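What follows is one structure encoded as structure tokens, with my remarks underneath.
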Amino acid sequence: MSLVNREPITGIPTNLSIWQSINPVEVPSAGKDLHGPASPASESQPANAQQTRGPSKPPRLRFHWPGSFFNLRWRLAFVYVCLFTLFVILLSLFTYNSISDSLLHDGQLAFPQRVEQLRTQLIRDVCHAISLQNATNFIEQEEVTDNIDNIYLLNSSGRVISSSNGTFLNQSFPFITPTFFNTWHPAAAHLFKGTTNDTSFDGLLLAVQPARTCPAGSQFQGYLVATTSYSVEHAALRNLLLMTIVAALVMIIVGALIIFFLTGIMLDPLRQMIRATQAMAQGDLQRRVQVPHSDDEIGSLATNFNQMADRIEELFEVQQASEQRARRFVSDASHELRTPITSLRGFTEVLMRGAKDDPAIAQRILKLMKYEADRMTRLVNDLLTLARLDEGHSLEMQSTDLVDIAIESVREVKSQALESCKVSLDLATQERLRLQADPERLKQMLLILLDNAVKYGCGSENGFITLRLDKQDGMAVINVIDRGQGISPEDLSHIFDRFYRGQHAPTATGSPIGGTGLGLAIAIAIARAHQGSITVASEPDKGTTFIIKLPCPP
């Protein structure tokens, strides 16, 4: 059986193109010496050497901290903090304006009510025989409340009789036009505005006239005036503004810290990918990143990165294996071609030394030379076949009857085998096994397996070879069975290796193992090109069975 031998390769050089693709050349940055460290000779040059070259320019200082500071994490955090700050400012302004409007509106509603209460109290006191002087004292002694700054009592002509702050006494009230007092207004409720000492205020004038049921001595006609600057409300708003500013600053600082922390967590997969790519650039192709438990862009990027890393590692391993096979193939092919070439050279030298003058010797040498030439031709053809199959050249696929090919193969092997070696065809199924296959390659595979079976399985007088065809689970099953000496366990794991001829199994005739050692390698390559497989089962002294499975559509 055609077996193959390949010596193990202990070292595998890394492919230069792939290594350069994952290890980019580092370009020296500004300020670094492109030629490496200075030699001692250059350091020991005399001091005046630089003077001959002219004054040297001072080195330019380049600050890279802004670039490192404003990395992606800082930029994202900066944008988020700006947006959060804008949100806090707008929220603070809205809150302050809402509270300010509400507070001032409440003050404006409470001010007339308080003035009305004062007028009611004043009329009640005047009506109960309290003299006007006492009423005046009441105005002067009235304490300014939270929503009233000053209180004035005016007569019907608009002159100030009494005031809570002692101003404008016996004077016309300055904040209302004198023409207003030309006529008595018994139901007056006049609102006005004024300014004193750069302070604006609101004022309210109400008519004061006791009821007619009051004693005659208590009759009085005048006006009660009150002013307010809403100082309490403005003081509360100042406190509110201060509290709002402090709260906004605290929220911005705390929010910035939280944003920076969360941004770091969100960008952690990116940092892992950076470290992974750096490790891969150093040659660690097994580095992967942890995929976050989130169905977002970063999770998708991490998943795709791991898939890309798996693909790169797979391609790198395939490339290494391909290079290893190529080196081993070239080495083995060179070794195999060296033998016939050396033989041809030796035979040629024998003829040149005079053997050509002896017809018998010359004829014998020419036959040997033809044998070596044929051997070299078969080797080259097998190498070309393997090369085409390895490169994935398309096969001439067509509808093929496996039974017809099996019959032709058995007939051809029978014509070349010894009479004592029986080769038979066993059809275990009644179905016609039609495949989409290349008939020439399929026949070549069967001939290789049958030839090896004849070579190793027909040693005894009763040796026989069986080619059995069957169909199982949509697969055409081909069994090539012999009852020879079997394959030793040491050889069994290498029989499909190229140029391996077997070290522990003699041929059926006891002669040295012939062939190129590529037969089984070609057979398994043909099976795989047809999306099939070849397996082997063998026991010493009991025989060997090769099992081929090929897709067989119904």
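List pairs: first in the stretch 468-484 and assigned by TED's automatic domain parsing to the domain that holds K443, second among the acidic types (D, E), Cβ under 7 Å, 6+ apart or cross-chain?
From residues that are assigned by TED's automatic domain parsing to the domain that holds K443, the pairs are R468/D426; K471/E431; V477/D470.
Only residues that are touching a helix residue (DSSP H, G or I) at 6+ places or on another chain (Cβ under 9 Å) and either surrounded by fewer than 18 Cβ atoms within 10 Å (Cβ to Cβ) or closer than 21 Å to L402 by Cβ (or both): list them for the stretch 467-495, please.
Selection gives L467, L469, A476, I478, V480, I481, D482.
For S294, only one of the following conditions fails: (1) assigned to a helix (DSSP H, G or I); (2) hydroxyl-bearing (S, T, Y); (3) under 57 Å from the mean Cα position of the chain (by Cα). What is its number?
Status for S294: all satisfied but (1).
Is there any pair linking a residue in the stretch 249-261 that is closer than 9 Å to V81 by Cα to one that is part of a helix (DSSP H, G or I) and not charged (D, E, K, R), with Cβ under 6 Å and at least six apart or on different chains, and which?
Cβ pairs passing all conditions: I252/T85; I252/V88; G255/F84; A256/V81; I259/A77; I259/Y80; I259/V81; F260/A77.
Tell me, which strands (runs of 3 or more DSSP E) lie completely within the stretch 363-463 with 2 or more residues that are more than 52 Å from the chain's Cα centre (by Cα) and of a type outside the set (K, R)?
422-427
Any residue at all in the stretch 248-257 that is more than 32 Å from the chain's Cα centre (by Cα) and of a type in the set (G, A, S)?
Within the stretch 248-257, one or more residues are more than 32 Å from the chain's Cα centre (by Cα) and of a type in the set (G, A, S).
Report yes if R338 is basic (K, R), in contact (Cβ under 8 Å) with a residue 60 or more places away in the chain and farther than 23 Å from A279 by Cβ, otherwise no.
No.
Out of F94, F111, F168, which single residue is assigned to a loop (DSSP other than H, G, I, E, B), closer than 27 Å to A235 by Cβ and at pLDDT 85 or above?
F168
Answer with yes or no whether F347 is closer than 23 Å to L379 by Cβ, of a type in the set (F, W, Y) and in contact with a helix residue (DSSP H, G or I) (Cβ under 6 Å, 6 or more places away or on another chain).
Considered against the rule, which asks whether it is closer than 23 Å to L379 by Cβ, of a type in the set (F, W, Y) and in contact with a helix residue (DSSP H, G or I) (Cβ under 6 Å, 6 or more places away or on another chain), F347 comes out as yes.
In the stretch 237-280, what residues are surrounded by 14 or more Cβ atoms within 10 Å (Cβ to Cβ), at pLDDT below 90, part of a helix (DSSP H, G or I) and not polar (S, T, N, Q)?
Across the stretch 237-280, the qualifying residues are F260, M266, D268, P269, L270, M273, A276, A279, M280.
The values are calculated or read from the model by the stated rules, or taken from the named source; none is laboratory data. Source: prediction; values computed, not measured. With ideal geometry, Cβ positions are generated from the backbone for all residues, glycine too; neighbour counts draw on all protein chains shown.
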